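Undergrad: Structure in structure tokens, see below.
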Amino acid sequence: MTTSAPPAPPGPVSGPVSGLVPDRRWLLTLTVLALLTRLLWVLVIHPPGNYVFSDMGMYVKRATDLAVNGPRDGVRDLAWQAYGTHFLLALPFKLFGAGAPFRAAAVLWGLLGAAVVPLTYLLACRVLPTARLAKVAGVAALLWYPNLSTTGFFLSETPFLCMQLLAVYWLVQVLQSGARAWPAGIAAALTFMLRPQSALFFVLVFGLWLVNVRRLPWVRVKQLLGVAVPLLLALGFSVWRYHSHTGRWDGIAENANMNLTAGRCHNIVTQAFRNKADLKKSEKKNNTNDGRRVSLPGYRTLKQTFPDGHPLGLNPAMGSDTIRFVGYIGDPWIHRSLREECYRRTGVLGQLQYSLVNLSLQWFIARQWPDNSKNHQYFLPVAEVYRYLFIVVVLLPSLVGVGLGLARWRRAPAATLLALCLLTSMILAAVFFGDVRLRTPYDPYALILALLAFHWASERWRARKAST
């Protein structure tokens with residue numbers, strides 16, 4: 001039988017807490033089923049080695065280069081994306097060979113995807129008030145296709161989901177009892193290496209501790225160092241690595257420059273050319289496939305879904321959905337100039353509208369990529385079912401859960417920490433751009449917070465019914 005801790009008293013936290021005691025049999029069952037389904041997915045149904053194109057192809061290319069040639073300085077292309085994913089992918093390439101079909105790497109991705117399921121259940125036991133709700137969260141994580149789907153692609157989503165979930169689980173323990181600070185810091189550092197934008201979440205977690213410092217006497221210098229030191233080391237290494245490839249100290253990954261420009265200018269395609277002659281040739285033929293090219297499927301969906309001038313339409317600031325320039329595609333000075341022009345043309349209200357559209361992409365509009373690419377006739381219908389399931393069943397309750405978590409920052413900081421996870425994803429989507437694929441690593445927190453909201457609503461309904 002699963003036992004539960006007594007309900008948290010109202011008001012400030014009065015002492016260390018530990019949440020529900022996980023049901024070991026249930027945990028083992030979820031773990032075994034997660035391993036079976038994820039390994040079956042990556043080895044039989046959807047081997048990621050069969051889907052090496054676009055972003056996946058770039059990760060595999062960089063991981064292969066690292067495995068074969070080792071670390072190299074002065075290669076600017078290696079600073080384009082955050083390095084955590086291709087560093088991780090290089091490990092099985094180095095140990096077992098970098099040739100297709102990449103089965104060892106597929107197994108690694110399958111194991112990372114499988115770990116998400118028991119971790120979600122364990123985290124739910126720390127946050128949710130009843131054992132039944134925690135079990136529901138575990139089953140939902142097991143059956144959640146969007147996360148299963150990304151396990152079948154060599155993308156950052158699967159390792160980021162696993163590492164951030166592990167970091168959040170241990171950070172919750174730090175907040176509740178002061179335990180697991182160093183493991184939380186190491187997991188947080190790995191999360192940062194996979195996606196540097198996660199730094200915003202860790203800054204907000206530090207803020208949560210600051211406002212609760214008197215209520216959490218078991219979180220002191222030792223715990224802060226345990227979390228902060230690995231993160232600062234990861235930051236230092238990331239900046240140094242970026243400098244070793246670019247000669248500059250102004251970032252961690254150069255694709256952030258292009259992504260921010262796209263989010264503030266709403267262009268589908270960005271093309272960079274070595275000289276003016278190549279640029280003019282591309283403009284004359286209206287060729288959007290030449291040069292160094294990056295496109296955003298979500299914005300293409302906007303253009304195909306809404307007419308020009310629609311509030312949720314693309315409405316590119318530059319008047320064209322393609323931006324072309326001479327230079328390297330990640331040159332920060334070029335992108336700063338482009339964004340300044342977009343700000344001038346749209347104004348504050350236009351930029352706020354862009355942010356709303358970006359969030360709408362993440363929540364309502366965009367289809368799950370890359371499911372809508374190769375073999376979409378098999379996998380996209382399932383992804384669409386879950387997209388609508390999220391919209392109808394999860395989205396609004398999870399937002400209510402965010403409100404509950406933020407409102408309970410004094411007496412239930414663990415729930416607040418999960419709310420900050422979703423808040424971070426919304427801020428990033430609004431500033432850059434939203435997409436189902438980018439949202440899915442945050443879905444476990446949405447599921448848990450949605451269950452918290454359902455429980456809150458049920459308790460309020462019962463209390464009102466009892467009082468009448």
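Undergrad: Do the conditions hold for Arg248, that is, is it modelled with pLDDT of 95 or more and part of a helix (DSSP H, G or I)?
TA: Against the criterion (modelled with pLDDT of 95 or more and part of a helix (DSSP H, G or I)), Arg248 does not qualify.
Undergrad: Tell me which residues, restricted to region 368-410, are under 16 Å from Asp435 (Cα atoms) and not in a helix (DSSP H, G or I).
TA: Those that are under 16 Å from Asp435 (Cα atoms) and not in a helix (DSSP H, G or I): Gln368, Trp369, Pro370, Asp371, Asn372, Ser373.
Undergrad: Return yes when Ala141 is of a type in the set (A, V, I, L, M) and more than 25 Å from Ala453 (Cα to Cα) and no when it is not.
TA: Against the criterion (of a type in the set (A, V, I, L, M) and more than 25 Å from Ala453 (Cα to Cα)), Ala141 does not qualify.
Undergrad: Name the single residue that is farthest from Val136 (Cα to Cα) among those in region 17-40 being touching a Ser or Thr at 6+ places or on another chain (Cβ under 6 Å) and crowded, with 18+ Cβ neighbours inside 10 Å.
TA: Arg38
Undergrad: In region 53-83, what residues are buried (at least 18 other Cβ atoms within 10 Å of the Cβ) and assigned to a loop (DSSP other than H, G, I, E, B)?
TA: Selection gives Trp80, Gln81, Ala82, Tyr83.
Undergrad: Okay, moving on. Does Arg324 fit the bill of being part of a strand (DSSP E or B), buried (at least 16 other Cβ atoms within 10 Å of the Cβ), more than 26 Å from the chain's Cα centre (by Cα) and not hydroxyl-bearing (Ser, Thr, Tyr)?
TA: Answer is yes for this residue.
Undergrad: Under 6 Å between Cβ atoms, at least 6 apart or on separate chains: pull out the pairs that start in region 98-117 with a residue that is in a loop (DSSP other than H, G, I, E, B) and end on any residue that is of a type in the set (Gly, Ala, Ser).
TA: Within 6 Å, the pairs are Ala98/Ala67; Ala100/Gly49; Pro101/Gly49; Phe102/Gly49.
The values are calculated or read from the model by the stated rules, or taken from the named source; none is laboratory data. On a predicted model such as this, the values are computed, not experimentally measured, just so you know. When we count neighbours, we look across all protein chains shown, and the Cβ atoms used for this are built from the backbone with ideal geometry, even at glycine.
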